[in-house]
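Worksheet: the structure to be examined is printed underneath.
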Amino acid sequence: MSRTTPSRPLDVTALFPQLAPLARTATRLHPRPGSPSRHNSSVGGPLLWPAEEPWPHCEGPHTCDQVNAAPSLEGERADRGIPAQEASGSPRTPDTSPCEAEDRMVDDRPEGDQPWPGGPIAMLPLAQLYARDVPLLRPPGQTDADLLQVLWCPFDYPGHLRTALRWRSAAAVTDVLDVPPEPPTVEFGYLPQPCLLSPEEVTEYPHFMELSKQLQQQLADWSRWQTASTAVDSSYAVAPEEFYMNSLSVSPGWKAGGWSRWGLTDPMPRVCSVCGTQMDPLLTIASTEWNSGTKSWAPEGAQARDPLPPGVPPANYTRIVIASGYSLQLYICPISTDHPQLELIQ
């Protein structure tokens, strides 16, 4: 089902022509719960993964307290009605965790949290995007790559989350990995609900804090907004830049490309750690598709036709919760996909 973002309340470039050359296209993904296959663009769905290619694992550090305190992957799926892996040989969570087994062997283990002895932990599929659905996704130097796969570690780390990116040609995957390895447990908010996507291209403009001082002053001048042919809500008179940020600049929710949304911090440098090149926004992984301040971006009719289970926050279709409701922004180097990606929470 297609989902369409309502037209913006006004043409902001008519009031502020300096914004016109700063316009960027973003692809809003509009994830909604469904049953994706590995041949679909999806959030939390199965990946078209080559059988001969190693599955990404997170090296940690993980601790026994961290892993054992999290709900089991099987239990989380069962609670939400998500089908478990059914193929023969599917990885199974052992009855005794490596930490418990180690406890039984070592009587004089020091008190306090211990390193997880189970080795690196398998990452979870987060998103799979085909270029046919999101044409903006074209990696530098890989003309045949038409598929982006994103995985993450289902455990929290200070400062940022840990992700893995893979670009590949879908046609080149002929022998598919049926049953990938999985983590034994997942922290709250890190298991995405399997979702299908309804990609939609929209136009964005820079966040207020990324504009020149002169343009910031103009956007903060209420008298400029009063000249608009469409009336602007007078509640924004004290801070009209809030109207710009909420309704006219950066779209909320899951998206590819576009401009960055800031709020947890001021804008910070996003440069490649290998070559020093300015990095490009790749993907925004959001806790919700919109919130109380960005309701104007809610797709038309979405609230009526996309109900959520009781207790789930509004517009939290993927069931992901990042840092109590923020978003994870991924950036890539435009020079080479071999250079590491940058992860920012905002």
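The values are calculated or read from the model by the stated rules, or taken from the named source; none is laboratory data. What you see is a predicted model, and the numbers here were worked out from it, not measured in a lab. Note that we place each Cβ from the backbone using ideal geometry, even for glycine, and neighbour counts take in every protein chain shown. Just the protein is used for accessible areas: all its heavy atoms, side chains included, with ligands, DNA and RNA removed. Shrake-Rupley method; radii C 1.70, N 1.55, O 1.52, S 1.80 Å.
At-a-glance table
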item: Radius 13 Å from Cβ of Phe188, net charge of other residues (Lys, Arg +1; Asp, Glu -1); result: -2
item: Neighbourhood net charge (15 Å Cβ-Cβ; Lys/Arg +1, Asp/Glu -1) for Val312; result: -1
item: Area accessible to solvent at Arg38, 1.4 Å probe radius, in Å²; result: 60
item: Ser7 accessible area, 1.4 Å probe, all protein chains in place, Å² to nearest 10; result: 110
item: Fully extended contour minus Cα-Cα distance, from Ser2 to Arg138, at 0.36 nm per residue; result: 46.6 nm
item: Asn68-Ala51 pseudo-label distance in nm [points 7 Å out on the Cα-to-Cβ vector]; result: 3.8
item: Whole-angstrom gap from the range 167-205 to the range 112-160, using each part's C-alpha centre; result: 8
item: Over the range 128-236, relative contact order from alpha-carbon pairs under 8 Å, at least 6 apart, %; result: 17
item: With DNA, RNA and ligands ignored, accessible area of Val274 (1.4 Å probe; Å², nearest 10); result: 90
item: Theoretical gain in end-to-end length, Lys295 to Ser324 [0.36 nm per residue, Cα-Cα removed]; result: 8.5 nm
item: Principal axes of the chain: Cα extent on each, largest first, Å; result: 75, 48, 47
item: FRET efficiency, 1/(1 + (r/R0)^6) with R0 45 Å, evaluated for Ala172 and Asp266 via beta carbons; result: 0.60
item: Nearest-0.05 FRET efficiency for Ala84 and Ser234, computed from C-beta distance (R0 41 Å); result: 0.15
item: Computed over the chain: relative contact order in percent, which uses C-alpha pairs under 8 Å that are six or more apart; result: 25
